[in-house]
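Working notes, beginning with the structure itself.
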Amino acid sequence: MSYTKKNLDTLSLLLTISILMIFYLIYSSISLATISKNNLNSDMVYSQEIPIENQTQRQIVQANLVNKWRIQIPKLNLDAHIEEGTTGDILLRAVGHFENTSKWNGNVCLAGHNRGYQCNFFQKIKDLKIGDEIIYCTEQGKKVYQVQMNKVILETDWSYIENTKDDRITLITCEENRGEYRRCIQGVQISETKDVF
């Protein structure tokens, strides 16, 4: 079979176009791979800063930390979460921790509403008797206290929330229709379990 110059030119043109198309496809796939890799890397940088699954995990961890900081009083069927501070907005949703007191050793001091609000966690603490148990949980572990005192004190008497050498818990709430007084319950630690969560 003999080829004419016209046939050879056409064949040469087709071969050149084919080679160019192959180079174009190779270049395109390399470019797409590079773009994808760059996007992946930028996504990875972004995801290292704010990964979606880690955001969810962080929220779960934070929720668990909140859930771990709790007070439980079996006799009163009380199981409430604790938040730092005793401001009005905190006590509307949680038991408040006196910021200048210990969270673990010494005197752990907590406050709560007992009536007139949606969260009246300390509504029945006046019914606690000597020997009743109070359970306090944090991310460090769990402590069990036994009530040693349940009394009415002056609202200006802050001596009960001072630090102590022994480990105890102090619960403070208002006294109904007696604005100048507070109910104060203190329990002394009888057991401790660390890192139970």
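Per-structure values
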{"quantity": "Filter pass, Arg70 being within 19 Å of Lys194 (Cα to Cα) and surrounded by 13 or more Cβ atoms within 10 Å (Cβ to Cβ)", "calculated": "yes"}
{"quantity": "Filter pass, Phe98 being at pLDDT 50 or above and in contact with a helix residue (DSSP H, G or I) (Cβ under 9 Å, 6 or more places away or on another chain)", "calculated": "yes"}
{"quantity": "Residue in region 98-106 that is out of contact with any Phe, Trp or Tyr (no Cβ under 6 Å at 6 or more places or on another chain) and either more than 21 Å from Asp167 (Cα to Cα) or part of a strand (DSSP E or B) (or both) present", "calculated": "no"}
{"quantity": "Selection count, region 104-118, where residues are closer than 17 Å to Gln72 by Cβ and surrounded by fewer than 16 Cβ atoms within 10 Å (Cβ to Cβ)", "calculated": "1"}
{"quantity": "Within region 161-185, considering residues that are polar (S, T, N, Q) and either surrounded by fewer than 20 Cβ atoms within 10 Å (Cβ to Cβ) or under 15 Å from Lys103 (Cα atoms) (or both), the one nearest to the chain's Cα centre (by Cα)", "calculated": "Thr170"}
{"quantity": "Boolean, Ile130 is closer than 16 Å to Pro74 by Cβ and free of Cβ contacts under 8 Å to residues at least 24 places away in the same chain", "calculated": "yes"}
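The values are calculated or read from the model by the stated rules, or taken from the named source; none is laboratory data. Computed from a predicted structure; not experimentally measured. With ideal geometry, Cβ positions are generated from the backbone for all residues, glycine too; neighbour counts draw on all protein chains shown.
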